[in-house]
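S.K.: Before I ask anything, let me first share the structure, which is written out below as structure tokens.
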Amino acid sequence: MECIYDLGMSNVNLKNSKYRVLDSYNCNVFRIQDELSTCIYILKVCDEMESDRYKHQFKTEIDVLSKLNSLLVPSLVTCFEEGTLQCFVETYIPGISAKQFVQQYKGVIQRYRLLFDVLSVLQAVHEIGYLYIDLKLENIIYYQKHFYLIDFNACIENHAHVAIMASKSNCAPELMNLSKKDIRCDIYALGSLLQEVFGVGMILIIYLCHQKKERRISNLSIFKFLIIIHILIRILLVLLLCILSVFSLFKCTSPKNVFDAYYYHHQIAMFEKAYKESKSKDRLYMWISNGWILDDVYVNKQASIFLMKEALKTKDATLIQYMYDRISLNKTPELEACALIYLKPTTSTIARCMRLVLTSDMLLKDKLDVVNQCLQIAIHEELNVSLTPIKDWLENVETNQLLNYSKEFEDLGCNYLEYLFLLRNKESEIMEIPLVFIDNLKSSRWNDLYAFWRSL
């Protein structure tokens with residue numbers, strides 16, 4: 001059987017091969033399948049036309065893989081020649097790159113697992129007389145709760161003078177010159193790895209890894225020791241915080257006053273009383289800024305309604321918006337309507353406010369007041385709000401009831417007519433004036449507005 005795979009200038013022609021090429025990573029690296037066992041492998045090839053340096057690194061990778069004694073690296077399966085190609089097959093490790101893992105998962109324990117798995121492989125590489133020198137998250141694969149190091153094509157012998165295929169992103173400065181290379185090159189890359197995985201949490205160790213060569217951590221044992229010290233310090237800090245928390249909890253077991261009962265013992269029923277007992281001109285602002293309002297307060301019906309009323313008393317749009325974003329007012333439409341008056345006016349908020357008011361159980365006087373405010377805002381901001389809800393509502397309200405609130409009723413009629421002027425100027429749809437206004441409003445203000453309307 002003949003296996004042929006073409007990709008641009010690359011041409012892999014494996015005659016009488018049991019392998020089938022699935023896809024290509026580049027012109028020299030392929031993912032293949034054993035057609036007998038169906039196992040997936042990685043095939044790497046080196047053509048005789050390649051440079052001497054590439055041929056050297058190709059043989060180096062074979063040597064490293066054949067000598068490594070670690071379960072966290074690909075295993076060398078076989079080597080063979082095919083025409084002008086030198087080939088070797090290694091086990092394929094599925095999974096995701098460590099870069100993807102760090103972006104997706106925030107757990108610190110698995111990050112330590114990554115670090116210690118990598119250290120295990122680096123130690124094995126150093127024991128056989130090589131340096132890895134190309135350490136980066138892209139060369140680490142997370143699979144079945146372990147991290148595997150791949151791509152050993154950049155390895156060089158310890159104390160070599162030339163590094164051929166090291167990535168410039170994480171490489172030590174001495175890799176770019178002809179000075180003698182040693183384990184400290186991998187220590188430098190470990191510092192860059194720590195920075196990507198742990199950030200500023202390991203700033204001291206990162207600093208020691210990125211020193212000049214003569215001042216840098218000199219071996220993996222010292223590096224491991226510093227990591228273990230870091231972990232122990234972190235554990236001690238967590239334990240200290242736990243002890244302090246227990247102490248604070250013990251200290252607050254018996255409430256000394258109403259505030260302690262509410263805040264430290266989460267007795268939400270005591271919130272309103274604790275709030276009223278606090279002496280301050282700007283109580284609400286003080287409670288918010290100090291973080292004294294517990295999350296349970298916002299979801300408690302009685303407490304949340306009290307909070308919104310307190311916010312409305314301030315007439316501060318910022319405080320009202322703050323409470324509006326955190327409190328559900330679905331069952332108190334009158335409160336929501338009052339809150340919407342103070343928020344940034346938009347067509348949707350004003351329309352929603354009027355709809356809530358007109359369908360609520362508010363007193364007639366309160367309804368008239370809020371609707372008048374909505375119309376005044378719509379006129380001032382030139383918002384295009386439908387008047388149909390007001391017209392429909394007026395048709396279902398007894399005239400005698402409206403006349404009991406003559407001032408509010410007259411204001412509504414005049415505001416309604418002024419808003420119709422605005423709609424006319426904006427060439428919007430013009431509605432009729434409700435007959436209840438025409439038949440019952442007789443003030444000079446109304447007569448002047450109505451006369452002007454009829455003259456248009």
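S.K.: Per residue of segment 81-86, what does 6.51 cos²θ - 1.76 cosθ + 1.60 with θ = phi - 60° give for ³J(HN,Hα)? Whole Hz please, x for Gly and Pro, Karplus curve as stated.
M.R.: 10, 9, x, 8, 9, 9
S.K.: Which cross-chain or sequence-distant (5 or more) residues have an amide H under 5 Å from the amide H of Val77, H modelled 1.01 Å from N in plane?
M.R.: Residues meeting the criterion, in which the H sits 1.01 Å from N, are Val89, Glu90, Thr91.
S.K.: Using the Kirkwood radius over C-alpha pairs as Rh, can you work out the diffusion coefficient of the chain via Stokes-Einstein at 20 °C, viscosity 1.002 mPa s, in µm² per second?
M.R.: Stokes-Einstein gives a translational diffusion coefficient of 71 µm²/s.
S.K.: Among 191-197, 78-84, what's the highest-first ranking by average C-beta atoms within 10 angstrom per residue? Don't skip to the answer; put the middle values down first.
M.R.: On the way: 191-197: 19.7, 78-84: 11.7.
Ranking the peptides 191-197, 78-84 by packing returns 191-197, 78-84.
S.K.: Please sort 438-446, 126-134 by packing, taking for each peptide the average over its residues of neighbouring beta carbons within 10 angstrom, highest first.
M.R.: Per-residue Cβ counts within 10 Å, averaged per peptide and sorted highest first, yield 126-134, 438-446.
S.K.: To continue, here is another question. Going highest first, how would you order 409-416, 114-121 by mean Cβ packing within 10 Å?
M.R.: 409-416, 114-121
S.K.: Right, something else. What list of ³J(HN,Hα) values in whole Hz, one per residue of segment 271-276 in order, does the Karplus curve 6.51 cos²θ - 1.76 cosθ + 1.60 (θ = phi - 60°) give from phi, with Gly and Pro shown as x?
M.R.: Rounded to whole hertz, the list is 4, 4, 5, 5, 5, 5.
S.K.: Could I ask something else about it? Considering Cα pairs under 8 angstrom that are at least six residues apart, work out the relative contact order of the chain and quote it in whole percent. It would help to have the intermediate numbers written out before the result.
M.R.: Values: 559 pairs, mean separation 28.0, N = 456.
The normalised contact order for the chain reaches 6 percent.
S.K.: Scaled to the compact-protein estimate 2.2 N^0.38 Å, what is the alpha-carbon radius of gyration of segment 235-334, rounded to two decimal places?
M.R.: Against the empirical 2.2 N^0.38 Å value, I get 1.27 for segment 235-334.
S.K.: Additional query: Could you please rank Asp182, Asp151, placing first whichever residue has the fewest other Cβ atoms within 10 Å of its Cβ?
M.R.: Least to most surrounded, the residues fall as Asp182, Asp151.
S.K.: Label points 7 Å out from Cα along the Cβ direction at Tyr105 and Ile128: separation in nm?
M.R.: In this crude spin-label approximation the distance works out to 2.7 nm.
S.K.: So if R0 is 51 Å, what FRET efficiency would Phe225 and Asn330 give, r being the distance between their Cβ atoms, rounded to the nearest 0.05?
M.R.: Using R0 = 51 Å, I get an efficiency of 0.30.
S.K.: Using the Karplus equation 6.51 cos²θ - 1.76 cosθ + 1.60 (θ = phi - 60°), what ³J(HN,Hα) coupling, rounded to whole Hz, does each residue of segment 46-57 give in order, writing x for Gly and Pro?
M.R.: 9, 7, 5, 7, 5, 5, 4, 5, 5, 4, 5, 5
S.K.: Same structure again: By how many degrees, between 0 and 90 and to the nearest 10, does the Cα long axis of helix 333-342 differ from the longest principal axis of the chain?
M.R.: With rounding to tens, the tilt is 80 degrees.
S.K.: Under 16 Å from a point 7 Å along the Cα-to-Cβ line of Leu241: which residues of segment 294-317 have their amide N that close?
M.R.: Flagged as within label range: none.
S.K.: For Leu22, what residues show an amide H to amide H distance below 5 Å, using hydrogens built from the backbone and excluding near sequence neighbours?
M.R.: The answer is Arg31, Ile32, Gln33.
S.K.: Here's another thing I want to ask about it. I want to check the label-to-label distance for Ser455 and Leu71. Put each point 7 Å from Cα in the C-beta direction and report it in nm to one decimal.
M.R.: 9.7
S.K.: I've got another one for you. Compute the FRET efficiency between Tyr264 and Cys79 as 1/(1 + (r/R0)^6), taking r as their Cβ-Cβ distance and R0 = 56 Å, and round to the nearest 0.05.
M.R.: With a Förster radius of 56 Å, E is 0.20.
S.K.: Label points 7 Å out from Cα along the Cβ direction at Thr314 and Lys442: separation in nm?
M.R.: 4.8
S.K.: Still on this structure, I have one more. With r as the distance between the Cβ atoms of Ser248 and Glu157 and R0 = 60 Å, compute the FRET efficiency 1/(1 + (r/R0)^6) and round to 0.05.
M.R.: Between Glu157 and Ser248 the formula returns 0.55.
Each reported figure results from applying straightforward, stated rules to the coordinates on display, with no laboratory input. Remember, it's a predicted structure, so these values are computed and weren't measured experimentally. Note: ideal-geometry Cβ built from the backbone for every residue, glycine included; neighbour counts use all protein chains shown.
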